[in-house]
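The values are calculated or read from the model by the stated rules, or taken from the named source; none is laboratory data. For clarity, every value in this text was computed on a predicted model and none was experimentally measured. Because the Cβ atoms are built from the backbone with ideal geometry, glycine has one as well, and the counts that use them run over all protein chains shown. These area figures cover heavy atoms from the full protein model, side chains too; ligands, DNA and RNA do not enter into them. Shrake-Rupley method; radii C 1.70, N 1.55, O 1.52, S 1.80 Å.
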Amino acid sequence: MAVEITLTVNGVAHALAIPENTLLVDVLREHLGLKGTHVGCDTSQCGACTVHLDGRAVKACSVLACQIDGCEVTTIEGIGSVDALHPMQAAFRDHHALQCGFCTPGMIMSAIDLVRRSAPLDRAGVRQGLAGNLCRCTGYHNIVDAVLAAAPHMTERQGGG
Amino acid sequence: MKQRLAAPSDVIDLAGVAGMGGIEAGQGVVSIGAGVRHAEVAGSPAVRGVLPALSALAGGIGDRQVRHLGTLGGSVANSDPAADYPAAVVGLGATIETHCRRIAADEYFVDLFETALKPGEIVTRVHFPVPDRAAYRKFAHPASGYAVVGVLVADFGGNIRVGITGAGPCAFRGTAFEQALADDLRPEAVDGVPVPDAGFNSDLFASAEYRAHLVRVMARRAVADLLGR
Ligand SMILES: Cc1cc2nc3c(=O)[nH]c(=O)nc-3n(C[C@H](O)[C@H](O)[C@H](O)COP(=O)(O)OP(=O)(O)OC[C@H]3O[C@@H](n4cnc5c(N)ncnc54)[C@H](O)[C@@H]3O)c2cc1C
Ligand code: FES
Ligand code: FES
(Lines give C-alpha, C1' and ligand atoms only; values in the text may rest on other atoms or scores of the structure.)
(Ligands and ions follow the chains in the order given, each with its own letter.)
Protein backbone atom coordinates (compact mmCIF):
# COMPACT_ATOMS: atom_id res chain seq x y z
CA MET A 1 0.00 0.00 0.00
CA ALA A 2 1.26 3.44 -0.78
CA VAL A 3 1.17 6.40 1.56
CA GLU A 4 1.18 10.00 0.45
CA ILE A 5 3.56 12.42 2.06
CA THR A 6 5.00 15.83 1.39
CA LEU A 7 8.64 16.57 2.06
CA THR A 8 10.65 19.70 1.54
CA VAL A 9 14.08 18.62 0.39
CA ASN A 10 16.78 21.25 -0.07
CA GLY A 11 14.08 23.89 -0.17
CA VAL A 12 11.93 22.19 -2.83
CA ALA A 13 8.53 20.75 -1.85
CA HIS A 14 7.77 17.22 -3.11
CA ALA A 15 4.51 15.28 -2.98
CA LEU A 16 5.31 11.58 -2.93
CA ALA A 17 3.37 8.31 -2.97
CA ILE A 18 5.62 5.64 -1.46
CA PRO A 19 5.33 2.17 0.05
CA GLU A 20 4.87 2.62 3.81
CA ASN A 21 8.08 0.80 4.71
CA THR A 22 10.26 3.12 2.61
CA LEU A 23 13.23 4.58 4.45
CA LEU A 24 14.09 8.25 4.10
CA VAL A 25 17.42 7.35 2.51
CA ASP A 26 15.63 5.41 -0.24
CA VAL A 27 13.27 8.30 -0.91
CA LEU A 28 16.26 10.58 -1.35
CA ARG A 29 18.29 8.22 -3.52
CA GLU A 30 15.68 6.30 -5.48
CA HIS A 31 12.68 8.62 -5.68
CA LEU A 32 14.43 11.97 -5.85
CA GLY A 33 17.69 10.87 -7.45
CA LEU A 34 19.82 12.53 -4.77
CA LYS A 35 22.66 10.02 -4.72
CA GLY A 36 24.96 12.11 -2.54
CA THR A 37 23.46 10.53 0.55
CA HIS A 38 25.23 7.18 0.84
CA VAL A 39 24.37 3.83 2.42
CA GLY A 40 27.34 2.17 4.04
CA CYS A 41 25.84 -0.35 6.46
CA ASP A 42 22.66 -2.04 7.56
CA THR A 43 23.16 -1.49 11.29
CA SER A 44 22.72 2.31 11.50
CA GLN A 45 26.34 2.69 12.55
CA CYS A 46 28.36 4.17 9.68
CA GLY A 47 26.73 7.61 9.33
CA ALA A 48 27.25 7.79 5.54
CA CYS A 49 23.52 8.52 5.21
CA THR A 50 23.51 11.53 7.57
CA VAL A 51 21.15 14.36 6.55
CA HIS A 52 19.51 17.21 8.43
CA LEU A 53 15.90 16.60 9.44
CA ASP A 54 14.28 19.85 10.59
CA GLY A 55 17.80 21.06 11.30
CA ARG A 56 19.12 18.07 13.27
CA ALA A 57 21.63 15.54 11.96
CA VAL A 58 20.01 12.10 11.73
CA LYS A 59 20.77 8.86 9.94
CA ALA A 60 18.41 8.69 6.97
CA CYS A 61 18.57 4.89 7.03
CA SER A 62 16.88 4.94 10.46
CA VAL A 63 13.87 7.07 9.57
CA LEU A 64 10.70 5.84 7.93
CA ALA A 65 9.70 8.39 5.32
CA CYS A 66 6.05 8.27 6.37
CA GLN A 67 7.11 9.33 9.89
CA ILE A 68 8.28 12.71 8.66
CA ASP A 69 5.39 13.91 6.55
CA GLY A 70 5.65 17.70 6.26
CA CYS A 71 9.24 17.90 7.49
CA GLU A 72 12.26 19.62 5.99
CA VAL A 73 15.28 17.66 4.87
CA THR A 74 18.66 19.00 3.81
CA THR A 75 21.12 16.74 2.01
CA ILE A 76 24.71 17.24 0.88
CA GLU A 77 23.31 18.54 -2.45
CA GLY A 78 21.59 21.37 -0.57
CA ILE A 79 24.48 23.00 1.28
CA GLY A 80 26.71 24.32 -1.47
CA SER A 81 27.53 24.12 -5.15
CA VAL A 82 30.67 23.45 -7.15
CA ASP A 83 31.13 27.19 -7.60
CA ALA A 84 30.21 28.10 -4.03
CA LEU A 85 31.26 25.38 -1.65
CA HIS A 86 29.96 25.40 1.90
CA PRO A 87 32.83 26.38 4.25
CA MET A 88 32.86 22.81 5.57
CA GLN A 89 33.22 21.42 2.05
CA ALA A 90 36.01 23.88 1.29
CA ALA A 91 37.81 22.94 4.50
CA PHE A 92 37.56 19.22 3.70
CA ARG A 93 39.14 19.92 0.31
CA ASP A 94 41.85 22.20 1.71
CA HIS A 95 42.80 19.81 4.51
CA HIS A 96 42.74 16.62 2.45
CA ALA A 97 40.02 15.27 4.72
CA LEU A 98 38.80 12.70 2.21
CA GLN A 99 40.33 9.90 0.24
CA CYS A 100 37.76 7.60 -1.38
CA GLY A 101 35.00 10.08 -0.45
CA PHE A 102 32.40 7.51 0.50
CA CYS A 103 31.95 8.75 4.06
CA THR A 104 32.35 12.42 3.10
CA PRO A 105 28.74 13.55 2.51
CA GLY A 106 27.64 12.11 5.86
CA MET A 107 30.77 13.38 7.57
CA ILE A 108 30.14 16.92 6.27
CA MET A 109 26.45 16.93 7.22
CA SER A 110 27.35 15.67 10.68
CA ALA A 111 30.18 18.17 11.07
CA ILE A 112 27.99 21.13 10.08
CA ASP A 113 25.42 20.09 12.69
CA LEU A 114 28.15 19.61 15.29
CA VAL A 115 29.65 23.06 14.73
CA ARG A 116 26.25 24.74 14.83
CA ARG A 117 25.30 23.14 18.12
CA SER A 118 28.50 23.06 20.08
CA ALA A 119 30.86 25.99 19.96
CA PRO A 120 33.63 26.19 20.97
CA LEU A 121 35.03 22.86 19.83
CA ASP A 122 38.38 21.26 20.53
CA ARG A 123 39.95 18.18 18.92
CA ALA A 124 38.47 15.79 21.46
CA GLY A 125 35.05 17.39 21.05
CA VAL A 126 35.18 16.95 17.27
CA ARG A 127 36.21 13.31 17.59
CA GLN A 128 33.45 12.62 20.09
CA GLY A 129 30.92 14.60 18.05
CA LEU A 130 31.68 12.61 14.90
CA ALA A 131 31.55 9.23 16.67
CA GLY A 132 28.53 8.30 14.55
CA ASN A 133 30.47 8.64 11.30
CA LEU A 134 32.96 5.99 10.28
CA CYS A 135 35.76 6.54 7.78
CA ARG A 136 37.84 3.65 6.51
CA CYS A 137 40.46 5.76 4.75
CA THR A 138 41.65 8.90 6.47
CA GLY A 139 42.34 7.89 10.05
CA TYR A 140 40.22 10.94 11.02
CA HIS A 141 43.17 13.25 11.70
CA ASN A 142 42.60 15.49 8.67
CA ILE A 143 38.85 15.41 9.19
CA VAL A 144 39.34 16.89 12.66
CA ASP A 145 41.63 19.55 11.15
CA ALA A 146 39.01 20.41 8.53
CA VAL A 147 36.15 20.72 11.02
CA LEU A 148 38.16 22.98 13.31
CA ALA A 149 39.24 25.10 10.32
CA ALA A 150 35.69 25.43 8.99
CA ALA A 151 34.11 26.39 12.31
CA PRO A 152 35.08 30.10 12.37
CA HIS A 153 33.96 30.54 8.74
CA MET A 154 30.59 29.02 9.46
CA THR A 155 29.70 31.66 12.01
CA GLU A 156 30.32 34.23 9.28
CA ARG A 157 28.43 32.35 6.60
CA GLN A 158 26.12 29.58 7.77
CA GLY A 159 25.22 28.25 4.33
CA GLY A 160 21.97 26.46 3.47
CA GLY A 161 19.90 24.10 5.57
CA MET B 1 11.80 -3.68 12.59
CA LYS B 2 14.96 -2.94 10.67
CA GLN B 3 16.69 -5.80 12.48
CA ARG B 4 13.78 -8.01 11.44
CA LEU B 5 13.10 -8.88 15.08
CA ALA B 6 9.51 -7.82 14.46
CA ALA B 7 7.26 -7.72 11.39
CA PRO B 8 4.15 -5.85 12.53
CA SER B 9 1.20 -5.50 10.16
CA ASP B 10 0.57 -1.93 11.33
CA VAL B 11 2.79 0.67 12.94
CA ILE B 12 1.52 3.63 14.95
CA ASP B 13 3.68 6.73 15.20
CA LEU B 14 3.54 8.12 18.75
CA ALA B 15 5.59 11.22 17.89
CA GLY B 16 2.53 13.43 17.48
CA VAL B 17 0.74 12.31 20.64
CA ALA B 18 0.26 15.19 23.08
CA GLY B 19 1.38 14.94 26.72
CA MET B 20 4.47 12.81 26.14
CA GLY B 21 7.01 15.61 26.01
CA GLY B 22 8.69 17.90 28.47
CA ILE B 23 11.24 17.68 31.24
CA GLU B 24 10.34 18.74 34.79
CA ALA B 25 13.04 18.88 37.42
CA GLY B 26 11.99 19.70 40.95
CA GLN B 27 10.82 18.49 44.39
CA GLY B 28 13.19 15.56 44.48
CA VAL B 29 12.04 14.13 41.16
CA VAL B 30 13.08 14.53 37.55
CA SER B 31 10.12 13.70 35.35
CA ILE B 32 10.70 13.18 31.65
CA GLY B 33 8.11 12.61 28.91
CA ALA B 34 8.37 9.33 27.02
CA GLY B 35 8.73 11.16 23.72
CA VAL B 36 11.73 13.18 24.87
CA ARG B 37 14.80 12.45 22.80
CA HIS B 38 18.15 11.50 24.30
CA ALA B 39 19.75 14.73 23.01
CA GLU B 40 17.15 16.83 24.85
CA VAL B 41 17.87 15.06 28.15
CA ALA B 42 21.62 15.36 27.62
CA GLY B 43 21.30 19.05 26.74
CA SER B 44 18.87 20.02 29.52
CA PRO B 45 20.48 22.41 32.04
CA ALA B 46 17.76 21.42 34.55
CA VAL B 47 18.68 17.73 34.39
CA ARG B 48 22.38 18.53 34.49
CA GLY B 49 21.77 20.66 37.57
CA VAL B 50 19.91 18.15 39.74
CA LEU B 51 20.76 14.75 38.26
CA PRO B 52 24.05 15.03 36.36
CA ALA B 53 24.49 11.25 36.25
CA LEU B 54 21.32 10.97 34.13
CA SER B 55 22.45 13.82 31.91
CA ALA B 56 25.78 12.09 31.30
CA LEU B 57 24.07 8.74 30.71
CA ALA B 58 21.81 10.26 28.03
CA GLY B 59 24.77 12.06 26.45
CA GLY B 60 26.66 8.77 26.20
CA ILE B 61 23.97 6.90 24.27
CA GLY B 62 25.07 5.87 20.78
CA ASP B 63 26.21 8.92 18.83
CA ARG B 64 24.79 12.38 18.12
CA GLN B 65 22.56 11.24 15.25
CA VAL B 66 21.16 8.40 17.39
CA ARG B 67 20.54 10.82 20.26
CA HIS B 68 18.63 13.12 17.91
CA LEU B 69 16.09 10.38 17.20
CA GLY B 70 15.94 7.90 20.09
CA THR B 71 13.42 8.52 22.86
CA LEU B 72 13.28 7.68 26.56
CA GLY B 73 9.97 5.83 26.05
CA GLY B 74 11.35 3.78 23.17
CA SER B 75 14.39 2.83 25.22
CA VAL B 76 12.54 1.69 28.34
CA ALA B 77 9.74 0.00 26.36
CA ASN B 78 12.19 -1.95 24.24
CA SER B 79 14.18 -3.33 27.21
CA ASP B 80 17.21 -3.97 25.04
CA PRO B 81 19.61 -5.84 27.34
CA ALA B 82 22.41 -3.38 26.45
CA ALA B 83 20.46 -0.11 26.68
CA ASP B 84 21.62 2.57 29.11
CA TYR B 85 18.40 4.07 30.50
CA PRO B 86 17.30 0.82 32.16
CA ALA B 87 20.31 1.11 34.51
CA ALA B 88 18.99 4.51 35.61
CA VAL B 89 15.40 3.30 35.91
CA VAL B 90 16.51 0.46 38.20
CA GLY B 91 19.39 2.26 39.93
CA LEU B 92 17.34 5.34 40.80
CA GLY B 93 14.14 3.40 41.54
CA ALA B 94 12.17 5.29 38.90
CA THR B 95 8.45 5.01 38.32
CA ILE B 96 7.21 4.21 34.84
CA GLU B 97 3.95 6.04 34.14
CA THR B 98 1.76 4.59 31.41
CA HIS B 99 -1.54 5.79 29.99
CA CYS B 100 -3.33 3.71 32.65
CA ARG B 101 -1.07 3.06 35.67
CA ARG B 102 2.28 3.51 37.41
CA ILE B 103 4.84 0.72 37.51
CA ALA B 104 7.73 0.57 39.99
CA ALA B 105 11.20 0.02 38.56
CA ASP B 106 11.66 -3.24 40.46
CA GLU B 107 8.58 -4.73 38.77
CA TYR B 108 9.14 -3.23 35.34
CA PHE B 109 11.93 -5.10 33.52
CA VAL B 110 10.95 -8.74 33.06
CA ASP B 111 13.27 -10.36 30.53
CA LEU B 112 15.09 -9.93 27.22
CA PHE B 113 13.06 -7.29 25.29
CA GLU B 114 10.24 -7.91 27.76
CA THR B 115 8.69 -5.54 30.31
CA ALA B 116 5.62 -5.45 32.55
CA LEU B 117 3.83 -3.45 29.83
CA LYS B 118 0.65 -5.08 28.53
CA PRO B 119 -0.11 -5.15 24.80
CA GLY B 120 -1.24 -1.68 23.77
CA GLU B 121 0.05 -0.04 26.95
CA ILE B 122 1.90 3.20 26.27
CA VAL B 123 4.62 4.71 28.45
CA THR B 124 3.85 8.40 28.93
CA ARG B 125 6.48 9.56 31.46
CA VAL B 126 9.29 8.31 33.63
CA HIS B 127 9.80 9.79 37.11
CA PHE B 128 13.36 9.56 38.42
CA PRO B 129 13.86 10.23 42.17
CA VAL B 130 16.82 12.55 42.75
CA PRO B 131 19.49 10.99 44.98
CA ASP B 132 22.09 12.88 47.02
CA ARG B 133 24.61 11.75 44.45
CA ALA B 134 24.88 9.18 41.68
CA ALA B 135 27.23 8.06 38.94
CA TYR B 136 26.95 5.86 35.85
CA ARG B 137 29.79 4.02 34.18
CA LYS B 138 29.60 1.77 31.16
CA PHE B 139 31.96 -0.31 29.11
CA ALA B 140 30.69 0.86 25.75
CA HIS B 141 30.62 -1.39 22.73
CA PRO B 142 33.23 0.22 20.47
CA ALA B 143 31.00 0.24 17.38
CA SER B 144 27.50 1.01 18.64
CA GLY B 145 28.12 2.61 22.02
CA TYR B 146 25.63 0.23 23.66
CA ALA B 147 26.59 -0.93 27.15
CA VAL B 148 28.45 -4.24 27.15
CA VAL B 149 28.01 -3.61 30.87
CA GLY B 150 26.75 -0.44 32.58
CA VAL B 151 26.39 0.23 36.29
CA LEU B 152 24.60 3.12 38.00
CA VAL B 153 25.23 3.68 41.70
CA ALA B 154 23.01 6.07 43.66
CA ASP B 155 23.24 7.28 47.25
CA PHE B 156 19.90 8.19 48.85
CA GLY B 157 20.99 9.40 52.29
CA GLY B 158 23.12 6.33 52.93
CA ASN B 159 20.71 3.93 51.23
CA ILE B 160 22.52 2.70 48.15
CA ARG B 161 20.85 1.51 44.96
CA VAL B 162 22.76 -0.18 42.17
CA GLY B 163 21.29 -0.69 38.67
CA ILE B 164 23.08 -2.99 36.24
CA THR B 165 22.50 -3.19 32.49
CA GLY B 166 24.19 -5.16 29.70
CA ALA B 167 25.11 -8.12 31.87
CA GLY B 168 21.84 -10.05 32.05
CA PRO B 169 18.77 -10.47 29.83
CA CYS B 170 17.41 -7.19 31.24
CA ALA B 171 18.47 -4.55 33.76
CA PHE B 172 18.51 -5.66 37.40
CA ARG B 173 19.52 -4.46 40.87
CA GLY B 174 22.91 -5.34 42.29
CA THR B 175 21.63 -6.10 45.79
CA ALA B 176 24.91 -7.60 47.04
CA PHE B 177 26.71 -4.40 45.98
CA GLU B 178 24.03 -2.28 47.64
CA GLN B 179 24.58 -3.99 51.00
CA ALA B 180 28.36 -3.85 50.76
CA LEU B 181 28.29 -0.16 49.79
CA ALA B 182 25.77 0.78 52.48
CA ASP B 183 28.30 -0.49 55.03
CA ASP B 184 31.35 0.96 53.33
CA LEU B 185 30.91 3.48 50.51
CA ARG B 186 34.34 3.14 48.91
CA PRO B 187 35.36 1.74 45.51
CA GLU B 188 37.32 -1.05 47.22
CA ALA B 189 34.15 -2.24 48.97
CA VAL B 190 32.92 -3.88 45.76
CA ASP B 191 36.04 -6.00 45.34
CA GLY B 192 34.93 -8.80 47.63
CA VAL B 193 31.34 -8.92 46.38
CA PRO B 194 30.65 -12.11 44.43
CA VAL B 195 29.13 -11.61 40.95
CA PRO B 196 27.75 -14.98 39.82
CA ASP B 197 27.61 -15.08 36.01
CA ALA B 198 24.81 -17.67 35.79
CA GLY B 199 22.25 -16.42 33.27
CA PHE B 200 24.50 -13.59 32.06
CA ASN B 201 24.63 -12.73 28.36
CA SER B 202 27.35 -14.36 26.34
CA ASP B 203 28.03 -13.35 22.76
CA LEU B 204 30.92 -12.83 20.38
CA PHE B 205 31.79 -9.56 22.10
CA ALA B 206 31.94 -10.75 25.69
CA SER B 207 31.53 -14.01 27.58
CA ALA B 208 29.32 -14.23 30.66
CA GLU B 209 32.43 -14.55 32.80
CA TYR B 210 33.96 -11.39 31.28
CA ARG B 211 30.69 -9.50 31.78
CA ALA B 212 30.70 -10.49 35.46
CA HIS B 213 34.21 -9.09 35.71
CA LEU B 214 33.11 -5.87 33.98
CA VAL B 215 30.20 -5.48 36.41
CA ARG B 216 32.63 -5.24 39.31
CA VAL B 217 35.00 -2.91 37.45
CA MET B 218 32.20 -0.57 36.34
CA ALA B 219 30.72 -0.59 39.85
CA ARG B 220 34.09 0.33 41.33
CA ARG B 221 34.51 3.19 38.82
CA ALA B 222 30.97 4.42 39.41
CA VAL B 223 31.56 4.56 43.17
CA ALA B 224 34.82 6.44 42.60
CA ASP B 225 32.98 8.96 40.38
CA LEU B 226 30.19 9.29 42.91
CA LEU B 227 32.73 10.13 45.61
CA GLY B 228 34.38 12.62 43.26
CA ARG B 229 37.67 10.72 43.16
C1 LIG C 1 23.63 2.76 15.99
C2 LIG C 1 22.80 2.76 17.26
C3 LIG C 1 23.46 2.90 18.47
C4 LIG C 1 22.72 2.90 19.67
N5 LIG C 1 23.41 2.99 20.82
C6 LIG C 1 22.72 2.97 21.99
C7 LIG C 1 23.42 3.07 23.25
O8 LIG C 1 24.63 3.24 23.31
N9 LIG C 1 22.68 3.00 24.38
C10 LIG C 1 21.32 2.87 24.35
O11 LIG C 1 20.70 2.83 25.42
N12 LIG C 1 20.65 2.81 23.20
C13 LIG C 1 21.31 2.85 22.02
N14 LIG C 1 20.61 2.78 20.84
C15 LIG C 1 19.13 2.72 20.88
C16 LIG C 1 18.50 4.09 20.63
O17 LIG C 1 19.04 5.01 21.51
C18 LIG C 1 16.97 4.14 20.84
O19 LIG C 1 16.65 4.34 22.18
C20 LIG C 1 16.27 2.93 20.43
O21 LIG C 1 16.64 2.67 19.10
C22 LIG C 1 14.76 3.12 20.53
O23 LIG C 1 14.39 4.07 19.55
P24 LIG C 1 13.07 4.89 19.63
O25 LIG C 1 13.06 5.69 20.87
O26 LIG C 1 12.94 5.58 18.33
O27 LIG C 1 11.96 3.78 19.81
P28 LIG C 1 11.26 2.90 18.68
O29 LIG C 1 12.30 2.23 17.87
O30 LIG C 1 10.24 3.73 18.00
O31 LIG C 1 10.53 1.86 19.61
C32 LIG C 1 11.21 0.79 20.25
C33 LIG C 1 10.14 -0.14 20.84
O34 LIG C 1 9.48 0.49 21.93
C35 LIG C 1 8.09 0.64 21.66
N36 LIG C 1 7.74 1.98 22.14
C37 LIG C 1 8.30 3.17 21.75
N38 LIG C 1 7.78 4.19 22.48
C39 LIG C 1 6.89 3.64 23.33
C40 LIG C 1 6.03 4.17 24.35
N41 LIG C 1 6.00 5.48 24.63
N42 LIG C 1 5.22 3.31 25.04
C43 LIG C 1 5.25 1.99 24.77
N44 LIG C 1 6.04 1.42 23.83
C45 LIG C 1 6.85 2.24 23.12
C46 LIG C 1 7.92 0.44 20.18
O47 LIG C 1 6.66 -0.10 19.89
C48 LIG C 1 9.04 -0.55 19.88
O49 LIG C 1 8.66 -1.84 20.19
C50 LIG C 1 21.30 2.78 19.64
C51 LIG C 1 20.65 2.67 18.42
C52 LIG C 1 21.38 2.67 17.24
C53 LIG C 1 20.64 2.57 15.94
S1 FES D 1 23.73 3.64 6.10
FE2 FES D 1 25.12 3.32 7.74
S3 FES D 1 24.23 4.59 9.28
FE4 FES D 1 22.83 4.81 7.67
S1 FES E 1 37.33 8.85 2.78
FE2 FES E 1 37.02 6.76 2.36
S3 FES E 1 35.65 6.18 3.93
FE4 FES E 1 36.20 8.15 4.53
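Here are a few things to note about the model shown:
- Residues located in the range A:72-103, provided they are without any contact (Cβ under 8 Å) to a residue 24 or more places away in the chain and buried (at least 18 other Cβ atoms within 10 Å of the Cβ): A:GLN89
Yes/no per residue for (1) within 10 Å of chain B (Cβ to nearest Cβ); (2) in contact with a strand residue (DSSP E or B) (Cβ under 6 Å, 6 or more places away or on another chain):
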residue	(1), (2)
A:HIS38	no, no
A:SER44	yes, yes
A:ALA48	no, no
A:VAL51	yes, yes
A:ALA60	yes, yes
A:CYS66	yes, yes
A:GLU72	no, yes
A:THR75	no, yes
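- For the range B:85-92, the count of residues that are out of contact with any strand residue (DSSP E or B) (no Cβ under 6 Å at 6 or more places or on another chain) and within 16 Å of ligand 2 (Cβ to nearest atom) is zero.
- Among the candidates B:ARG101, B:ARG125, B:ARG67, residue that is more than 16 Å from ligand 3 (Cβ to nearest atom), out of contact with any strand residue (DSSP E or B) (no Cβ under 8 Å at 6 or more places or on another chain) and open to solvent by 20 Å² or more (accessible area, probe 1.4 Å): B:ARG101
- Within the range A:99-158, the set of residues being part of a loop (DSSP other than H, G, I, E, B), under 17 Å from the mean Cα position of the chain (by Cα) and among the aliphatic types (A, V, I, L, M) comprises A:LEU130, A:ALA131, A:LEU134.
- Scanning the range B:44-59 for residues that are touching a strand residue (DSSP E or B) at 6+ places or on another chain (Cβ under 7 Å), of a type outside the set (S, T, N, Q) and either outside any helix (DSSP H, G or I) or within 14 Å of another protein chain (Cβ to nearest Cβ) (or both) gives B:LEU51, B:ALA56.
- Tabulated pairs, the range A:123-139, first assigned by TED's automatic domain parsing to the domain that holds A:ARG56, second of a type in the set (A, V, I, L, M) and near ligand 3 (Cβ under 9 Å from one of its atoms), C-beta under 7 angstrom, 6+ apart or interchain: none
- From the options A:LEU34, A:LEU16, residue that is of a type in the set (A, V, I, L, M, F, W, C), buried (at least 16 other Cβ atoms within 10 Å of the Cβ), within 16 Å of ligand 2 (Cβ to nearest atom) and not assigned by TED's automatic domain parsing to the domain that holds A:LEU148: A:LEU34
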